[in-house]
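Worksheet for the structure shown next.
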Amino acid sequence: MHDIIVIGAGVSGLAAGMYSARFGMKCLVIGDNIGGTITLTDVVENYPGFKSISGYDLAEAIREHAESYGVEILEEKVKNVEKCNGIFKVYADKTYKAKAVIFATGTRRRKLNVKGAEEFENKGLHYCALCDGPLYKNKVVAVVGGSDSTAKEALLLANYASKVYIIYRGEKLRAEPINKKRVEENEKIKVLRKTNIVELLGDDKLNKVVLDRKYKGSNVLKVDALFVAIGGVPNSELARKLGVKTNEKGEIIVDREAKTNIKGVFACGDVTDSKFKQAITGVAEAVVASYSAYRYISSEFVYTCIDEEYC
């Protein structure tokens, strides 16, 4: 029996585990991707204490910190979560029990939903510039999206490609000012505003994207690759199945204490309905969730089921 099980092993989940252990809680962090999506980020420059650090190194530092407090971290996929007589059962490779759970399940990358997207996935259509950008040295590539992540993907790709197009349906990029300025000053990057992709074309690999408006007299833009950075989808299915309330976007609804509508269930990070999603805000929310879970366990009687027949 654990005091707290954290579901999700990204930076928020690892931080929740570390802080839970500091509160003297027996804690398990479990997830199918240790380190989470930030490990796919080339450079992190907005995490206090680090002027510049790779996403992988940041996640590793938090993981090592958690392990220094004796937190157990397992790389397993959680299949289901149930609550029985106040005790939570978490089903993965084995069944684990806890008095409280913290969902830190993050998001998965939103797929591009246009004709040809499924056909060319991993054949010129990619979702990670850090992973696949080096394949396109001195090639022409494009990034679809308009967020800060889009800007950072484009800047990374500019280190390899000869030309980088940002294709964005809006007018102004929603990047942090420093990254927006870097994009504007980079001669390799061209932003196509108020433009949507309607189809992907190619033979064995992607080599063209069809636009809904003309650029230089044509609706067809020749590229060697297209990278997708159009946001994420909350991994909230397990929480919803348990009865946790989510908003219209599928994000877990939490209060200022990281509490959900179910007693003993807390949430933090990108899977929640917080407006500003960053590694630092997710880690801060994880600390709050850990404290709330600790207070819940300490202040309320939690029935510990002995007989498996009843729990």
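The values are calculated or read from the model by the stated rules, or taken from the named source; none is laboratory data. What you see is a predicted model; the values in this text were computed from it and never measured. Neighbour counts are summed over all protein chains in view; Cβ atoms, including those assigned to glycine, are modelled from backbone coordinates with ideal geometry. All accessible areas refer to the heavy atoms of the entire protein, side chains included, with ligands and DNA or RNA removed. Shrake-Rupley method; radii C 1.70, N 1.55, O 1.52, S 1.80 Å.
Among the residues of the range 80-96, those identified as touching a residue at least 40 places away in the same chain (Cβ under 8 Å), over 20 Å from residue 295 (Cβ atoms) and assigned to a strand (DSSP E or B) are 80, 81, 82, 84, 89, 90, 96. Taking residues in the range 268-280 that are small (Gly, Ala, Ser) and part of a loop (DSSP other than H, G, I, E, B), and partners anywhere that are open to solvent by 40 Å² or more (accessible area, probe 1.4 Å) and at pLDDT 95 or above, the pairs with Cβ atoms closer than 9 Å and at least 6 places apart or on different chains are 274/285. For the range 33-42, the criterion of a residue being open to solvent by 20 Å² or more (accessible area, probe 1.4 Å), part of a strand (DSSP E or B) and in contact with a strand residue (DSSP E or B) (Cβ under 9 Å, 6 or more places away or on another chain) is satisfied by no position. In the range 218-238, the residues that are on the phi > 0 side of the Ramachandran plot reach residues that are not hydroxyl-bearing (Ser, Thr, Tyr) with C-beta atoms within less than 6 angstrom, at least six apart or across chains, in these pairs: 231/110. For the range 123-154, the set of residues classified as of a type in the set (Ser, Thr, Tyr), under 21 Å from residue 210 (Cα atoms) and touching a Lys or Arg at 6+ places or on another chain (Cβ under 9 Å) consists of 127, 150, listed by residue number. Note on the range 126-150: residues that are farther than 25 Å from residue 276 by Cα, touching a Phe, Trp or Tyr at 6+ places or on another chain (Cβ under 6 Å) and hydrophobic (A, V, I, L, M, F, W, C) total 1. Scanning the range 43-73 for residues that are in a helix (DSSP H, G or I), of a type outside the set (S, T, N, Q) and either open to solvent by less than 20 Å² (accessible area, probe 1.4 Å) or out of contact with any Ser or Thr (no Cβ under 7 Å at 6 or more places or on another chain) (or both) yields 55, 57, 58, 59, 60, 61, 62, 63, 64, 65, 66, 67.
For the range 181-199, a residue qualifies if it is polar (S, T, N, Q) and out of contact with any strand residue (DSSP E or B) (no Cβ under 7 Å at 6 or more places or on another chain), and exactly one does: 186. Quick check, is residue 113 under 12 Å from residue 228 (Cα atoms), out of contact with any strand residue (DSSP E or B) (no Cβ under 6 Å at 6 or more places or on another chain) and open to solvent by 10 Å² or more (accessible area, probe 1.4 Å)? So residue 113 fits the description; yes.
Per this entry, residue 77 is counted among residues that are closer than 30 Å to residue 150 by Cα and either open to solvent by 20 Å² or more (accessible area, probe 1.4 Å) or not in a strand (DSSP E or B) (or both). Of all the listed residues (155, 173), the sole one being in contact with a strand residue (DSSP E or B) (Cβ under 9 Å, 6 or more places away or on another chain) and either open to solvent by 30 Å² or more (accessible area, probe 1.4 Å) or of a type in the set (Phe, Trp, Tyr) (or both) is 155. Scanning the range 259-279 turns up at least one residue that is among the polar types (S, T, N, Q), within 28 Å of residue 53 (Cα to Cα), out of contact with any Asp or Glu (no Cβ under 7 Å at 6 or more places or on another chain) and buried (at least 17 other Cβ atoms within 10 Å of the Cβ).
In this structure, residue 141 qualifies as among the β-branched types (Val, Ile, Thr), within 14 Å of residue 226 (Cβ to Cβ), open to solvent by less than 70 Å² (accessible area, probe 1.4 Å) and touching a residue at least 40 places away in the same chain (Cβ under 8 Å).
Within the range 106-115, at least one residue is farther than 17 Å from residue 233 by Cβ, of a type outside the set (A, V, I, L, M) and modelled with pLDDT of 95 or more.
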